[in-house]
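These notes are about the structure you will find just below.
Please treat every number below as a calculation from the coordinates, not as lab data. Just so it is clear, the structure is predicted and the values come from calculations on it, not from any experiment. Neighbour counts are summed over all protein chains in view; Cβ atoms, including those assigned to glycine, are modelled from backbone coordinates with ideal geometry.
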């Protein structure tokens, strides 16, 4: 008993089932191939103008959104900067009192705690903390 192998062949919009015997007969005569010309898409001038104005409008809306949101962000950062600077200053007073008064045994003085290097450090740390705090508040 011999096995017959079948093959699916596409012809147009349908498929044909052929055996290996039919396939060898059809291999002798080639099937004609017609090249398909690419379709040209004709775009209307109104479509081009519409897409241009769509891109322009979305860019203007994005810029206006940033211009409206920026002052609120900066005011929020400024407010959080003041609050965190006050909080860090109070914390710095307690740390300075413990370090200079209890550990080193020196006389307490505000000039000793808040010197020329500690205030800029407190300002920079509180600014970074205020920026992070504002971003965290916006994400909520």
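With a Förster radius of 30 Å, plug the Cβ-Cβ distance of residue 36 and residue 56 into 1/(1 + (r/R0)^6) and report the FRET value to the nearest 0.05. Computed FRET efficiency for residue 36 and residue 56 comes out at 0.20. On full extension, the segment bounded by residue 48 and residue 139 gains 29.0 nm, given 0.36 nm per residue less the C-alpha separation.
One compactness figure for the stretch 36-140 is 2.14, namely its Cα radius of gyration divided by 2.2 N^0.38 Å. Cα-based radius of gyration for the stretch 81-140, normalised by 2.2 N^0.38 Å, reads 1.35. Between residue 99 and residue 127, residue separation times 0.36 nm minus the direct Cα-Cα distance comes to 7.6 nm.
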